[in-house]
1. Could you please let me know if residue 96 is under 30 Å from residue 152 (Cβ atoms), at pLDDT 90 or above, open to solvent by 20 Å² or more (accessible area, probe 1.4 Å) and assigned to a helix (DSSP H, G or I)?
2. One residue is enough: does the range 286-300 have a residue meeting the conditions among the small types (Gly, Ala, Ser), at pLDDT below 85 and within 25 Å of the chain's Cα centre (by Cα)?
3. Can you find even one residue in the range 326-333 that is open to solvent by 90 Å² or more (accessible area, probe 1.4 Å), at pLDDT below 85 and not in a helix (DSSP H, G or I)?
4. Out of the residues in the range 207-259 meeting the condition of being of a type in the set (Val, Ile, Thr), outside any loop (DSSP other than H, G, I, E, B) and in contact with a Pro (Cβ under 8 Å, 6 or more places away or on another chain), tell me which one is least open to solvent (accessible area, probe 1.4 Å).
5. Cβ contacts < 6 Å: first residue on the phi > 0 side of the Ramachandran plot, restricted to the range 190-211; second residue modelled with pLDDT of 95 or more and of a type in the set (Lys, Arg), any location; separation 6+ or different chain. Result?
6. Restricting the range 138-173 to residues that are over 24 Å from residue 6 (Cα atoms) and open to solvent by less than 20 Å² (accessible area, probe 1.4 Å), which is modelled with the lowest pLDDT?
7. Residue pairs, Cβ under 6 Å, 6 or more apart or interchain, first in the range 162-176 and polar (S, T, N, Q), second open to solvent by less than 40 Å² (accessible area, probe 1.4 Å). List them.
8. If residue 191 satisfies every condition in (1) assigned to a helix (DSSP H, G or I); (2) hydrophobic (A, V, I, L, M, F, W, C); (3) open to solvent by 60 Å² or more (accessible area, probe 1.4 Å) but one, which is the exception?
Amino acid sequence: MLLKKFFKFVIPSIVSMWIFALYTMVDGMFVAWGVGERALASVNLSMPYVICIFSIGLLMATGTSTLISIALGQKKEEEASSLFTMNLVVLTIVSLVVTVLTFLFLEPLAVFLGASPDNLEYVKSYVGTIGAFAVFFILSYNMEALVKTDGTPVVSTIGVMVCGLTNVILDYVFVMVFHWGVWGAAFATGLAQVASTIIFFTYFTRFRKKLCFRRFKWNPGVYKKIIPLGLANGFTELSGGLVVFLFNQIILRVIGESGIVSYTVISYINTLVLNTMAGIAQGMQPVTSYHYGAREFGQCRKLLKYSLLMEVIVSVVYVFVLELFPQIFVGAFLDRGRVNCLPIP
């Protein structure tokens, strides 16, 4: 029974994280096909910014979801809904601040990310467009986790699948048909986040099980619990962006822009693998927190064993697939001639 419950939450969570990873991958693929490799490099240079936005949503989602799950396990549904509402209000304010700061410091930010005079406009276009949709990126990522906390992981999967499909279709239309280039790819991704936000918002206003929007009393002190609880997942997400950023800086100095194009493919695959592991952790989190709130500690230990075993199995599968079929993954972004002559450190 517990194992079935584990998979009920973990599988949709993994699928959701795969689709989150595919957002920038799809942008990169269509930009490479429709614009060129220089534009592809600019998307990779922008990736740390996108990951940073996601990490804000994840940090708050993990901490808030944990406290809400514990409250639900203790049958304190009113307290859980108040925390849920306050969390979304705070995140909306934080998102608007991120958007304003992005536009105020757009060019310095692009240069900091590694943009050169040749691709500066590409990076500014991509980062600026994503920044305009920051509120939807953060709220969508946050509510996707809270839908699972409310006990409906399938809605989470539906939301991110609609988002992913919207992104693919709009990327094709904007980049390949309208020829809007890098800006079109970023615009498509932003609109896809709007779509998933609408789905999750509709769920919580009409179809939710326990959590709902309600009046709340401001309680800033609760963030002394939320932030430490979410720091591990938030930093894990952010570390992926930091790794991409540092590699980009070193590759630009040692190899040049051509090396960035090759590393883009590596960073996309790395993000996909990391998001799979994050999906397992996020999937088990609301279940574990609920049993912790109900003081069923034996169930918590079993869930930990299930998650560790699944991560080992998935890791082995990834190693075999990537070792046996590297051309398939690389060829999705680069032409065959480039695949056969990637820069080697």
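1. Yes: the conditions hold for residue 96.
2. yes
3. Within the range 326-333, none of the residues are open to solvent by 90 Å² or more (accessible area, probe 1.4 Å), at pLDDT below 85 and not in a helix (DSSP H, G or I).
4. Here the answer is 244.
5. No pair meets every condition.
6. Ranking the qualifying residues of the range 138-173, first place goes to 164.
7. Final answer for the pair search is 166/192; 166/195; 167/23; 167/26; 167/188; 167/189; 167/192.
8. (3)
The values are calculated or read from the model by the stated rules, or taken from the named source; none is laboratory data. Model, not experiment: these values are computed from the prediction. Don't worry about glycine lacking a Cβ; one is built from the backbone with ideal geometry, like all the others, and counts go over all protein chains shown. The area values use the complete protein model at the heavy-atom level, side chains included, leaving out ligands, DNA and RNA. Shrake-Rupley method; radii C 1.70, N 1.55, O 1.52, S 1.80 Å.
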